[in-house]
1. Given (1) part of a helix (DSSP H, G or I); (2) aliphatic (A, V, I, L, M); (3) surrounded by 14 or more Cβ atoms within 10 Å (Cβ to Cβ), where does VAL200 come up short, assuming only one miss?
2. Restricting attention to segment 104-143, which residues are outside any strand (DSSP E or B), of a type in the set (Ser, Thr, Tyr) and touching a residue at least 60 places away in the same chain (Cβ under 8 Å)?
3. For segment 213-230, which residues satisfy the criterion of being out of contact with any Ser or Thr (no Cβ under 7 Å at 6 or more places or on another chain) and among the β-branched types (Val, Ile, Thr)?
4. Those residues that are loosely packed, with under 15 Cβ neighbours inside 10 Å and closer than 21 Å to GLY153 by Cα, I need them from segment 85-100; list them, please.
5. Conditions: (1) more than 18 Å from the chain's Cα centre (by Cα); (2) closer than 15 Å to TYR156 by Cα; (3) aliphatic (A, V, I, L, M). LEU305 meets all but one. Number of the miss?
6. Just for strands (runs of 3 or more DSSP E) wholly inside segment 243-340: which have at least 1 residues that are aliphatic (A, V, I, L, M) and surrounded by 15 or more Cβ atoms within 10 Å (Cβ to Cβ)?
7. Taking only segment 144-165 into account, find how many residues are within 20 Å of VAL97 (Cβ to Cβ) and part of a loop (DSSP other than H, G, I, E, B).
Amino acid sequence: MGLLLLLIICQCTINSIKTHSVSKPNIILLMADDLGIGDLGCYGNRTLRTPNIDRLAEEGVTLTQHIAASPLCTPSRAAFLTGRYPIRSGMAAFSRVGVFLFSASSGGLPSEEITFSKLLKQKGYATALIGKWHLGMNCESSNDFCHHPLSHGFDYFYGLPVTNFRDCKSGQGSVFLKGVQKGLVLPIQITGITLVSLVVVHYIGLLKVPFQALGYFLLIITISLVVLIFFFYNFRQLNCFLMRDHRIIQQPLSYENLTQRLTKEAMQFIERNTGTPFLLVLSYLHVHTALYASENFKGKSKHGLYGDAVEEMDWSVGMLHMLLTAVEGILDDLCSCSPN
């Protein structure tokens with residue numbers, strides 16, 4: 001779940017900046033999730049093929065030192081959008097998990113926070129977030145969307161409101177079950193000891209415990225367990241879905257050609273706004289677990305599914321670069337960054 005901000009590749013190709021004729025450059029931010037600094041060719045890797053990211057590095061600036069506000073997704077992304085420490089916006093992680101696990105969670109980035117997307121929108125930019133959000137969705141109802149990307153300065157959203165869970169893809173294990181198992185051990189032990197103790201003291205005459213009360217207690221425990229089991233077996237259906245703006249368009253989420261779909265949405269946004277200054281944040285699901293890759297990349301790298309995912313993400317970067325090169329004049333007014 002960690003978002004390690006270890007790498008930033010920045011490239012600004014504003015050819016006319018010397019004449020100060022460009023006041024509103026187009027901005028593209030490409031964000032990877034859990035990508036290691038040693039997994040790219042521009043940082044010395046010789047076994048993973050990342051020519052498109054390497055080209056950005058060669059033409060731009062690469063950094064090896066960067067301070068992350070948090071090692072976890074939710075708080076670090078809040079800091080990234082606001083430029084403030086997560087604790088200032090109430091997004092610091094105090095629990096063991098430290099991030100949002102459920103789409104129905106009522107928490108999220110407060111709508112009064114000032115994000116760079118809000119500021120750019122105020123300046124006339126078209127703004128879009130494609131991919132992972134993980135900063136909350138609703139406050140008091142299932143459709144108030146107070147924490148949604150569209151409430152934080154983005155005109156368009158296509159992606160996941162939460163994150164890429166292993167639970168969302170069969171055969172990848174479970175984050176939720178592992179946490180529940182650890183969290184239930186102590187309550188179950190306490191419940192069992194309490195029930196046995198009440199029965200013992202009742203039969204030895206120290207305390208008369210109405211069997212009706214024990215029955216109600218057992219009924220409550222049973223119902224709670226049934227609800228928990230139901231939720232676990234329906235986790236993917238309830239929590240893993242794809243949205244376009246405020247609409248759910250795929251539930252449960254399918255990983256088939258998912259990176260291609262995200263890339264297509266990003267390219268279409270650029271094409272729609274060639275005559276307007278724009279901000280595009282393309283927040284990849286790669287290479288956070290659950291690991292996945294399309295058929296065109298599966299089994300092609302030297303490092304299993306993880307390597308396949310890295311190379312597929314590099315392909316996506318190349319597709320964007322190809323489009324930007326094809327659209328006349330757009331590269332002259334472009335500033336791009338790739339934080340990981």
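The values are calculated or read from the model by the stated rules, or taken from the named source; none is laboratory data. What you see is a predicted model, and the numbers here were worked out from it, not measured in a lab. With ideal geometry, Cβ positions are generated from the backbone for all residues, glycine too; neighbour counts draw on all protein chains shown.
1. Only one criterion is unmet by VAL200, namely (3).
2. SER117, TYR125
3. Taking segment 213-230 and keeping what is out of contact with any Ser or Thr (no Cβ under 7 Å at 6 or more places or on another chain), we get 213-220, 222-230.
Within segment 213-230, ILE220, THR222, ILE223, VAL226, VAL227, ILE229 qualify.
4. Scanning segment 85-100 gives TYR85, ARG88, GLY90.
5. In the conditions (1) more than 18 Å from the chain's Cα centre (by Cα); (2) closer than 15 Å to TYR156 by Cα; (3) aliphatic (A, V, I, L, M), LEU305 misses (2) alone.
6. 278-283, 333-339
7. Looking only at segment 144-165, we keep the residues that are within 20 Å of VAL97 (Cβ to Cβ), and these are 147, 160-165.
Keeping just the survivors that are part of a loop (DSSP other than H, G, I, E, B) gives 147, 161-165.
Total meeting the criteria: 6.
Every residue, every condition in (1) modelled with pLDDT of 95 or more; (2) surrounded by 22 or more Cβ atoms within 10 Å (Cβ to Cβ); (3) hydroxyl-bearing (Ser, Thr, Tyr); (4) not assigned by TED's automatic domain parsing to the domain that holds SER23, yes or no:
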{"position": "GLY60", "(1), (2), (3), (4)": "no, no, no, no"}
{"position": "LEU81", "(1), (2), (3), (4)": "yes, yes, no, no"}
{"position": "SER105", "(1), (2), (3), (4)": "no, no, yes, no"}
{"position": "LEU135", "(1), (2), (3), (4)": "yes, yes, no, no"}
